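Below: one structure, written as structure tokens.
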Amino acid sequence: MNQKILRGVFGSLVLLLLGASVRAQDAPPGGVKLLPGYQHKTGQGFDTRVGKIWKEGGQKISYDIGCLAGEYAKRDRMEDFSWYKEATVEGQEFRVARYKEGGFMSGILVVTIPGAAANFFASAKTDEEVADALLMLTGYRGKIDCTNNRLG
């Protein structure tokens, strides 16, 4: 009888620990803090870290982080954007742009963080969705050393 109880307790602890590790592994990247109603899911990338942040009935934000992710928002692509801005927030450089309607990635809001080799792509259609995306993503803190291809 004691072995049955012990097995039950042990089994429960294992399930509890597995559940906690899954939740911890699926945290948003770079310490991003989700606003109320938003969810996060890590995807399966080949050579970069990918995933999505979304709100039911609202916008979707996908991301691509890693040395092979490239830089989508940058000055030399101004002809692709309806607007482009740069800012440094607590030492982290951010480039934010909105792709022109009808072109490549029509209307998508892109946030590139060059020092972290990170790109976020938001389907933000309203001013409120743009604000949500920027409030969450400017909290990203990450660095990447592409000479050694290691996330920091």
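Identify the residues of the stretch 75-95 with backbone N under 19 Å of a label point that sits 7 angstrom from the Cα of Glu101 along the Cα-to-Cβ direction, or state none.
79-84
Expected output is a single nm value to one decimal: the length gained when fully extending between Cys67 and Lys143, i.e. 0.36 nm times separation in residues minus the C-alpha distance. What is it?
Result for the pair: 26.3 nm of gain on full extension.
May I ask you to sort Phe120, Phe94 by Cβ crowding, counting other Cβ atoms within 10 Å and putting the fewest first?
Going from least to most buried by this count: Phe94, Phe120.
So which lysines pass the test for Lys100, namely a Cα distance under 23 Å, with those fewer than 8 places away in the same chain ruled out?
Lys52, Lys60, Lys74, Lys85, Lys125
When Lys and Arg each count +1 and Asp and Glu each count -1, what net charge do the other residues less than 13 Å away from Lys33, Cβ to Cβ, add up to?
0
Bear in mind these aren't lab numbers, they're just calculated from the coordinates by the rules spelled out. Remember, it's a predicted structure, so these values are computed and weren't measured experimentally. Note that we place each Cβ from the backbone using ideal geometry, even for glycine, and neighbour counts take in every protein chain shown.
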